[in-house]
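One structure is given here, and the rest of the page talks about it.
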Amino acid sequence: MPDLSAQKISPVMETYGRFPITLVKGKGSYVWDEQGNKYLDYTSGIATCNLGHLPEAVSEKLKNQLDHLWHCSNLYHIPSQNELAEKLTSLSCHDQVFFCNSGAEANEAAVKLAKKYAKDQGYTNKTDIVTFTDSFHGRTGTTMAATAQQKIHEGFTPLTPGFSYLPFNDQEALLTLDEQKTCAVMLELVQGEGGVRPADVSWVKQLSRICKEKDILLIIDEVQTGIGRTGTLFAYEQFGIKPDVMTLAKGLGSGVPVGAMLAKESVGQSFKPGTHGSTFGGNPLAMTAALATIETVEASGFLKYAEKQSHYLFDELKKLETQFSLVKEVRGKGFLLGMELNGDAKHIVKALHGKGILSLIAGPAVLRVLPPLNTTEDEINHFLSLLKDVLNEQEDAS
């Protein structure tokens, strides 16, 4: 054991490489630190605060719910669960919903459902799930194994068995799908952590067709892409497919922890009492936040406004490809955007901090930009102006 007596150990496990910023307040597109410094938050809590911080529609309903009931066991009926499930199924191609607390839990539930469905259909050998290179599906033991990134696996072998990986956006690779062993395919339509890489529409349609032909379930991981983040309520709507299973979290609750797994009735029926569960999943507070969030996003004009603003930001960012040698490529959908750089993206993130802008990376060379869906044109222009200043400074220094 190393001698730690001379070191000050944080009581919080150091599972995050934290920036030297302590945030204490947020409203709309902005947050403030403990010194009162104001930041334009273009991380949205990693695509979580899709309505900005403390959206009034959500806040009001949460305050009211706090005076009634916080937690209720799933051994009893929870009216807001039924209401949210009806809302989500009416807006999607799915029929049933399982509620949990996070994206990793939603993906874990999807893995269990796929295996149980295969067994119920008499496919005793269909036990494997295929994902794609540079995917990210979570950090539990199972979802880490589903994540096709070596850096996520390091130190945790042996991994949960039953997962294999194919190259992303590779049409020929899809022909190798083994219908004798594969019960499901899990896919992000825009890889967030994997570098903000959108899937090709033709490739996704081919994958969907093959899955139908081989009776393989198609699971779409919309933990980051869902709830309007990519320009439509769910990203799959832009790809001409109807997945068997879909997972949601992040933007669903405007920052209140909530996850959901949606499935078609023929698949969802494989979950019976005792096959899966969650103590906190679907509690009244989470359901209240998610209902208010969905009602806001589906309101007339909201997504059209977000789409207009995201097109403007994307077009302006694309111009930077020709203005700066440091900018290699801009890509993404809606307000899930990435700027690949000819250099380390962390330097850009830290420089933006100094100018009052919060942003993220998606891999070592990609700057990830995740504004709230209701950000204004003035806020976009403010971000663009300071980003250009940073890029100029970085190029002058190199």
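The values are calculated or read from the model by the stated rules, or taken from the named source; none is laboratory data. All figures in this text were calculated on a predicted structure; none of them were measured in a lab. Quick reminder, even Gly has a Cβ in these numbers, built from the backbone with ideal geometry, and neighbours come from all protein chains shown. Calculation scope for accessible area: heavy atoms of the full protein, side chains included, ligands and nucleic acids excluded. Shrake-Rupley method; radii C 1.70, N 1.55, O 1.52, S 1.80 Å.
Miscellaneous remarks
- Partner lysines for Lys346 [C-alpha distance under 18 Å; skip if fewer than 8 residues away on the same chain]: Lys151, Lys328, Lys355, Lys388
- Residues whose amide H falls under 5 Å from that of Tyr30, counting only those 5 or more places apart or on a different chain, are Asp41, His53, with hydrogens built in the peptide plane.
- Helix 377-397 axis, angle to the chain major axis (alpha carbon atoms, nearest 10°): 70 degrees
- The DSSP beta bridges internal to the chain are antiparallel in roughly 65% of cases.
- Derived scalar couplings between HN and Hα for region 295-304 equal 4, 5, 5, 7, 4, 3, x, 5, 5, 5 Hz in order, rounded to whole Hz, by the Karplus curve 6.51 cos²θ - 1.76 cosθ + 1.60 (θ = phi - 60°), x for Gly and Pro.
- Under the Karplus curve 6.51 cos²θ - 1.76 cosθ + 1.60, θ = phi - 60°, whole-Hz ³J(HN,Hα) for region 112-122, x wherever Gly or Pro sits: 4, 4, 4, 5, 5, 4, 4, 5, 5, 8, x
- Fully extending the segment from Leu69 to Glu56, taken as 0.36 nm per residue of separation minus the present Cα-Cα distance, adds 2.7 nm.
- In the chain, a dipole from Cβ-located charges (positive for Lys and Arg, negative for Asp and Glu) runs towards its positive end, and of Ile348, Asn169, Gly338 it is Asn169 whose Cα lies farthest in that direction.
- The value of relative contact order for region 270-398, using C-alpha pairs under 8 Å at least six residues apart, is 20 percent.
- Of the accessible area of region 6-165, computed with a 1.4 Å probe over protein heavy atoms only, carbon and sulfur atoms account for 54 percent.
- What the phi angles of region 127-144 give under the Karplus curve with 6.51, -1.76 and 1.60, with θ = phi - 60°, is a coupling list of 10, 9, 10, 9, 10, 10, 3, 6, 6, 9, 10, x, 10, 6, x, 6, 6, 5 Hz, glycine and proline written as x.
- Taking packing as the residue-averaged number of other Cβ atoms within 10 angstrom, the listed peptides 248-260, 51-63 run from highest to lowest as 248-260, 51-63.
- The chain - mean residue ellipticity at 222 nm from DSSP helices (-39,500 (n - 2.57) per run, n ≥ 4, rounded to 500): -11000 deg cm²/dmol
- Listed pairs Lys87/Lys181; Lys38/Lys319; Lys112/Lys250; Lys116/Lys242; Lys126/Lys250 exceeding 25 Å between Cα atoms: Lys87/Lys181; Lys38/Lys319; Lys126/Lys250
- Correct choice for mean projected area of the Cα convex hull in nm² that was computed from the model, options (1) 22.4; (2) 21.0; (3) 19.8: (1)
- Bridgeable aspartates and glutamates around Lys214 (alpha carbons under 18 Å apart, same-chain partners fewer than 8 residues away excluded): Asp120, Asp128, Glu172, Asp178, Glu179, Asp244.
- Rounded to the nearest 20, the size of the Cβ-charge dipole of the chain about its Cα centre is 480 debye, with Lys and Arg at +1 and Asp and Glu at -1.
- Share of carbon and sulfur in the accessible heavy-atom surface of region 295-342 [1.4 Å probe, %]: 49 percent
- Only Lys, Arg (+1) and Asp, Glu (-1) charged, at Cβ; region 38-93 dipole about Cα centre in debye: 100 debye
- Angle between the chain longest axis and helix 56-66 axis [Cα atoms, degrees, rounded to 10]: 60 degrees
- Among Cys211, Cys49, Cys72, the residue with the largest mean-square fluctuation in a Gaussian network model of the chain, with springs joining Cα atoms closer than 10 Å, is Cys72.
- With protein chains left intact and a 1.4 Å probe, residues in the chain average 47 Å² of accessible area per residue.
- Charges were assigned to the Cβ only: +1 to each Lys and Arg, -1 to each Asp and Glu. The resulting dipole of region 302-398 about its Cα centre is roughly 320 debye.
- Distances between placed amide hydrogens fall under 5 Å for Phe132 paired with Ala148, Leu166, all partners being 5 or more residues away or on another chain.
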